[in-house]
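Undergrad: My structure is below; once you've seen it, I'll send some questions.
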Amino acid sequence: MRVFCEDCKKDMTRISGTYALTGVTKDRRTDKINFDPGSGVPVVAYVCTQCNRIKIYSAVRLGEI
Ligand SMILES: [Zn+2]
């Protein structure tokens, strides 16, 4: 898959591996944010080597997981 940076108009480079946007909840009493590694969205990521912008896409929708 070819991905372009909207800022630089350059090709972005795939970061190897699959990652996740982890679900979070907020404890209203303490304002503490709790990370829930049991939930979230699998993603693949691309980085722009010019400006370091990162783009992520659903790994499920791309059929990568
Ligand atoms: Zn860029």
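Undergrad: List the lysines whose alpha-carbon lies under 17 Å from that of residue 9, not counting same-chain residues fewer than 8 positions away?
TA: Hits, sequence-local ones excluded: 55.
Undergrad: Roughly speaking, what % of Cα-Cα pairs in the chain are separated by over 18 Å, rounded to a whole number?
TA: The proportion of pairs with Cα distances above 18 Å equals 50 percent.
Undergrad: While we're looking at this one, here's another question. Nothing charged except the Cβ atoms of Lys and Arg (+1) and of Asp and Glu (-1): what's the magnitude of the dipole of the chain about its Cα centre? Round to the nearest 20 debye.
TA: 100 debye
Undergrad: Ok, one more. Excluding residues fewer than 8 places away in the same chain, name every one of the aspartates and glutamates whose C-alpha is closer than 14 Å to that of residue 26.
TA: Result set, ordered by chain and number: 36.
Undergrad: Could you check the simple spin-label distance between residue 2 and residue 19, using points 7 Å along Cα→Cβ, in nm with one decimal?
TA: Roughly 2.4 nm, to one decimal.
No value in this document is a laboratory result; all are computed from the given coordinates. Just so it is clear, the model here is predicted, and its values are computed rather than measured. Cβ sites come from the backbone with ideal geometry, for glycine too, and all protein chains shown count toward neighbours.
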